[in-house]
Amino acid sequence: MDREEESQLIKSIRKGNLQDFERIIDSYEKVLLHIAYYTVGNKEDAEDLCQETFIKLFKHIRSFIPRKGSLKNYLYRTLINLCYSHLTKTRKFSINVMEEENFSFTIKEEKGEISSIINKLLKFLSPRERIVFVLKEIEDLEYNEIAKVLKLNEITVRRHNSMARQKLKELIEKNYPEYGRLYEKNT
């Protein structure tokens, strides 16, 4: 969705067209669920945080100024802030690997045990490392996009991703030595 389309949708929603709000939800819901799931570690919390993100957008749609930033960045930033708050409140840093069809996400579309292992090991990353890793390695955002969303400089984002990748590599080598080389090829 480009900025012009976003701007038109926002104007339409401000006039009361709720179908256009549903278009926004349809466009961003899946990616927000991915981010929330990998960040907080379970389906129910991920769904709640995504719903809260869309509620915040709806409540603030009248004050949202498209020229100040993209809708995508606004949604990502809102979700990430909610995830950080959730993690801080609950101190939940565990990932439950889900077998359910809608939540069987894999790292960069890889199938197999290595992605399941990485999913399990995400709990050992700090919340910031985890969110940077999710945005870069799973959602395939560019470093400059992640920096904008997180309001960090690009070097810091690169450093967090590098630290996350290094921690995951070490954890795989220690706990799953048979997959060490496979992880190297895929990262």
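The values are calculated or read from the model by the stated rules, or taken from the named source; none is laboratory data. Just so we're clear, the structure is a prediction, and the values are computed from it rather than from any experiment. Backbone-built Cβ (ideal geometry, glycine too); neighbour counts: all protein chains shown. Remember, those area values only see protein heavy atoms, side chains included, never the ligands or the DNA or RNA. Shrake-Rupley method; radii C 1.70, N 1.55, O 1.52, S 1.80 Å.
When restricted to residues that are out of contact with any His (no Cβ under 9 Å at 6 or more places or on another chain) and surrounded by fewer than 21 Cβ atoms within 10 Å (Cβ to Cβ), segment 122-135 contains 3.
Kindly indicate whether any position in segment 56-69 is in contact (Cβ under 8 Å) with a residue 60 or more places away in the chain and assigned to a loop (DSSP other than H, G, I, E, B). Among the residues of segment 56-69, at least one is in contact (Cβ under 8 Å) with a residue 60 or more places away in the chain and assigned to a loop (DSSP other than H, G, I, E, B), which makes the answer yes.
Scanning segment 1-17 for residues that are surrounded by 13 or more Cβ atoms within 10 Å (Cβ to Cβ) and in a loop (DSSP other than H, G, I, E, B) gives M1, N17.
How many of the residues in segment 146-156 are part of a helix (DSSP H, G or I) and either open to solvent by 60 Å² or more (accessible area, probe 1.4 Å) or under 19 Å from H86 (Cβ atoms) (or both)? Qualifying residue count, segment 146-156: 5.
Can you find even one residue in segment 128-142 that is part of a helix (DSSP H, G or I) and over 18 Å from Y37 (Cα atoms)?
No, there is no match, as no residue in segment 128-142 is part of a helix (DSSP H, G or I) and over 18 Å from Y37 (Cα atoms).
One residue stands out in segment 31-55 among those that are under 10 Å from the mean Cα position of the chain (by Cα) and open to solvent by 10 Å² or more (accessible area, probe 1.4 Å): the one that is modelled with the lowest pLDDT, namely H34. None of D20, D26 is surrounded by 16 or more Cβ atoms within 10 Å (Cβ to Cβ) and without any contact (Cβ under 8 Å) to a residue 24 or more places away in the chain except D20.
Please find, within segment 67-85, the residue that is nearest to D48 (Cα to Cα) out of those that are open to solvent by less than 30 Å² (accessible area, probe 1.4 Å) and at pLDDT below 90. Checked segment 67-85; the qualifying residue nearest to D48 (Cα to Cα) is L71.
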